[in-house]
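After the structure tokens below, expect a handful of questions from me.
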Amino acid sequence: PHRQLVQAAALEQPLADGRHLFAHQRAAARWLLARRGAVLADPMGLGKTLTSIIALDLIKAATEDAREDNLVGGIPIMQNQYNYETQEYELVEVVKGGTSEPCGNKVLYFCPSTMLKNVEREIRRWAPHRNVVILGGLTKASRRFALDLMKETNQYVVILNYEAWRKDKQLIEDLIDIKFDTVIIDEAHNIKDRASIAYRGVKSIIDRSDIPFVIPMTGTPILNKPQELFSLLTLVNPERFRSEGTFLHEFCEQYYTGNSLMPKWRFRAGGLTRLSELIRGNF
């Protein structure tokens, strides 16, 4: 309770330029902290980048004292547990999906190459206390030097474009070695194709690093077909959303258009609602 009060008070404080967060940004930042993995899908213009930057500070503050008996970033649920003293089962509140690791310190921020400078500018504007490093656009030698320096420190935001490892296969291994604790994926619809080098690189870094907080952001989580949303959900919760076939048969149905002989997929009646309820409950 004390931690929650501190977080709420922090969200009410003015930003670096004196302005205050909008109500939807405060709510979204708290949501991201509680869920660990969540798709931030506010429409364009509502300030998703700022929301994620503020969420980083919430995550950092909330997880400073995280440990095995004090998990952070999970959903409180009631669960039957056996009490060895009373020799009876009783309902107790436990945190599902929380982390015992301090987070919000070593942050990897993915974005398209055209946004690198803009993201850097936004972070320096709204969070001047954070160290920002742009790895995108550097030569292999310069990137390697920067990565070696990062291994000596433990607080920074690394900004990287999706195409960075196309000509530098070792980069993915280097990023995994860093052991980031938080990943933000801006304009995440750019990696909706799970066969692409961009998606496979991001997915490999997240999975092999066991990163506690993963935040894909996009105003268009579904542009043409349900499979696009599934791609994002595999980043957020790979255990629950492991099989595309299971996802499609659980929430979707096939249909035909015009004279096409190839069926397409769409959410069946009530399917999207059920999926929304599932996501809202943190899976």
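Can you pull the one-decimal nm distance between simple spin-label points at HIS24 and ASN131, each 7 Å off the Cα toward Cβ?
Here the answer is 3.6 nm between the modelled labels.
Label-point separation (nm) for ALA146 and GLU64, each offset 7 Å from Cα along Cα-to-Cβ?
The modelled label-to-label distance comes out at 2.9 nm.
For PHE251, what charge total do you get from the other residues with a beta carbon under 15 Å from its beta carbon, if Lys and Arg give +1 and Asp and Glu give -1? Could the numbers behind the result be given before it?
On the way: positive: LYS225, ARG240, ARG242, LYS264, ARG266, ARG268, ARG274, ARG280; negative: GLU228, GLU244, GLU250, GLU253, GLU277.
Net charge in that neighbourhood comes out at +3.
Related question: Fully extended, how many nm does the chain gain between GLU173 and THR114 (0.36 nm per residue separation, minus their Cα-Cα distance)?
On the way: separation 59, 0.36 × 59 = 21.24 nm, distance 2.41 nm.
The GLU173-THR114 span can extend by a further 18.8 nm.
If packing is taken as the mean number of other Cβ atoms within 10 Å per residue, what is the order of 266-278, 212-224, highest first?
Working: 266-278: 13.6, 212-224: 19.8.
By packing density, highest mean first, the sequence is 212-224, 266-278.
What FRET efficiency would be calculated for the residue pair ARG274, ARG166, taking the C-beta separation as r and a Förster radius of 45 Å, to the nearest 0.05?
The value I calculate is 0.75.
Which of LYS169/LYS225; LYS117/LYS151; LYS192/LYS264 have a Cα-Cα distance over 27 Å?
Too far apart for the 27 Å limit: LYS169/LYS225.
Between ARG240 and ASP210, what is the label-point separation in nm under the 7 Å Cα-to-beta-carbon projection?
Taking the two extended label points, one gets 2.1 nm.
Continuing with the same structure: Leaving out ligands, DNA and RNA, what percent of the accessible area of the stretch 134-283 is carbon and sulfur, probe 1.4 Å?
Details: 3810 of 7560 Å².
After summing per-atom areas, the C and S share lands at 50 percent.
The values are calculated or read from the model by the stated rules, or taken from the named source; none is laboratory data. Only a predicted model underlies this, so the values are computations on that prediction, with no experimental measurement involved. Cβ: placed from backbone, ideal geometry, glycine included. Neighbour counts: every protein chain shown. Calculation scope for accessible area: heavy atoms of the full protein, side chains included, ligands and nucleic acids excluded. Shrake-Rupley method; radii C 1.70, N 1.55, O 1.52, S 1.80 Å.
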